[in-house]
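Asker: My questions all concern the structure below.
The values are calculated or read from the model by the stated rules, or taken from the named source; none is laboratory data. Values in this document were obtained by computation on a predicted structure and should not be read as measured data. Heads up, the Cβs are rebuilt from the backbone with ideal geometry, glycines too, and the neighbour counts pull from every protein chain shown. Note: accessible area is taken over every heavy atom of the protein model, side chains too, but ligands, DNA and RNA are not part of it. Shrake-Rupley method; radii C 1.70, N 1.55, O 1.52, S 1.80 Å.
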Amino acid sequence: MESVVTGPSNRYPITYGPQTEIAESNLNKIFTTTAASLSLIGALLIIITFIMWPDLRTNSRRMIMFISIGDFSVALFNIIGIYNPSSDNEICRMQSLVTNVAILSSFMWTLNLSFYFYLTICRKISAEYERRIMQLLHLIGWGIPILIGIIAFTMGAYGFSRNVLTPGWCWISENQKWWKVVMWMFITGKGWEIMSYICIFKFYLLVILQIRREVRLGFIPGGDFLTPKALEVIKRAERKLTIIPIVFILLRIWGTIRFFRFLYYLPEDPPAIEFLVFLQGIGDSSQGFANFVLFCLLTDHIREKFRLCVVRFTPWYNYLEKDPLFESTNFPLNETTDFGSNTYGAAAGDCISVKSMN
């Protein structure tokens, strides 16, 4: 049973159907709130670690921090949106604007990170080129989302979407012709989301293939021969490079599936599928927590820092094993340490430095 309400200055009726009933259910609110709360904590911890520990302030970690700013904003405004009454009001439109800009920024910086891995590992760019490319990445990561958000807000694209493509918060107003709805959905999110799937997968695949090519040679170009310890660290780096795009796609794919179902059933609404709404609410709100697990809990160096913060003093602790993806690049190959150094290309703004026993 659908109810029909006419919004202010609306030429088309706003219908509340089964999608809204599912989105407003207590179960969906519990799932989304839990996932978003974990993301708030995870994203905040990533930002705090970047601020607290100077040795983590590399270009790659800086980009992860930028991603976390977007993820924190998304999680916060998803919670606000899911508890905002289903109506086309100012809170709805402002929540749509902030959430959309934050999501696009998270997409762009995630894409930037994968592109940066590609440039530094496969193309082996110089430090000077690295500095110049960071300026371009800032323009992409912040400029494009803000520009799209301003244009969409000015043209009245944001509003109550009847939860046809969201699990409870506002996005693109359904109070316009269907082709305009599709156009704005594509411009403000789904087009960039699908492009991110393809590009991120491609860049990480190229990076993994490059790593395997150089490992087959038995040594890192410009560095030393690989030892068993170095090979073990490289394999761990390769596993992480494989997991990152898979996690990103798995979290975002549910909203993409709903988008294609929406296109298939146009101009009618698609039949409501409860589990898709739940999974989208969880996935769209979980990116901050997923990044915390990937880039903090699964990174030996940072996990050890967390442990040291808890125990404060461990006299038996002698060596922090560096994560090969995020090790600083600005060390000469012949540095005098207790460990031999094999510098493996450059990963996300930092060379992947593999420390191995002589």
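Asker: Scan the stretch 17-42 residue by residue and report those that are of a type in the set (G, A, S), surrounded by fewer than 21 Cβ atoms within 10 Å (Cβ to Cβ) and part of a helix (DSSP H, G or I).
Answerer: S37, the sole residue that qualifies.
Asker: If you don't mind, there's one more thing I want to ask. Would you please list the contacts, defined by Cβ atoms under 7 Å and residues six or more apart or on different chains, that run from a residue in the stretch 83-104 that is under 17 Å from T20 (Cα atoms) to a residue that is of a type in the set (A, V, I, L, M) and open to solvent by 30 Å² or more (accessible area, probe 1.4 Å)?
Answerer: N84/I91
Asker: Within the stretch 249-292, track down each residue that is in contact with a helix residue (DSSP H, G or I) (Cβ under 6 Å, 6 or more places away or on another chain), among the aromatic types (F, W, Y) and either over 16 Å from G189 (Cα atoms) or open to solvent by less than 10 Å² (accessible area, probe 1.4 Å) (or both).
Answerer: Scanning the stretch 249-292 gives F259, F278, F289, F292.
Asker: Sticking with this one: Which one is nearest to I282 (Cα to Cα) among residues in the stretch 67-97 that are aliphatic (A, V, I, L, M) and open to solvent by 50 Å² or more (accessible area, probe 1.4 Å)?
Answerer: Here the residue is L76.
Asker: Could you check how many residues of the stretch 52-72 are assigned to a helix (DSSP H, G or I) and either small (G, A, S) or free of Cβ contacts under 8 Å to residues at least 24 places away in the same chain (or both)?
Answerer: 6
Asker: Quick check on the stretch 162-190: of everything there that is among the aliphatic types (A, V, I, L, M) and more than 22 Å from L147 (Cα to Cα), which residue is nearest to the chain's Cα centre (by Cα)?
Answerer: My answer is L165.
Asker: Within the stretch 40-53, is there a residue that is under 26 Å from L308 (Cα atoms), modelled with pLDDT under 85, in contact with a Phe, Trp or Tyr (Cβ under 7 Å, 6 or more places away or on another chain) and not aromatic (F, W, Y)?
Answerer: Scanning the stretch 40-53 turns up no residue that is under 26 Å from L308 (Cα atoms), modelled with pLDDT under 85, in contact with a Phe, Trp or Tyr (Cβ under 7 Å, 6 or more places away or on another chain) and not aromatic (F, W, Y).
Asker: Follow-up question, since we're still on this one. Can you name the residue in the stretch 98-123 that is in contact with a Leu (Cβ under 7 Å, 6 or more places away or on another chain) and open to solvent by 10 Å² or more (accessible area, probe 1.4 Å) and is also nearest to I82 (Cα to Cα) among such residues?
Answerer: Y118
Asker: Scan the stretch 273-285 and report the pairs whose first residue is at negative phi and whose second residue is open to solvent by 50 Å² or more (accessible area, probe 1.4 Å) and in a helix (DSSP H, G or I), with Cβ atoms within less than 6 Å and a gap of 6+ or a chain change.
Answerer: Close Cβ pairs (under 6 Å, with a partner that is open to solvent by 50 Å² or more (accessible area, probe 1.4 Å) and in a helix (DSSP H, G or I)) amount to L276/W254; F278/F31; L279/W254; Q280/W254; G281/F31; I282/F31; G283/W254.
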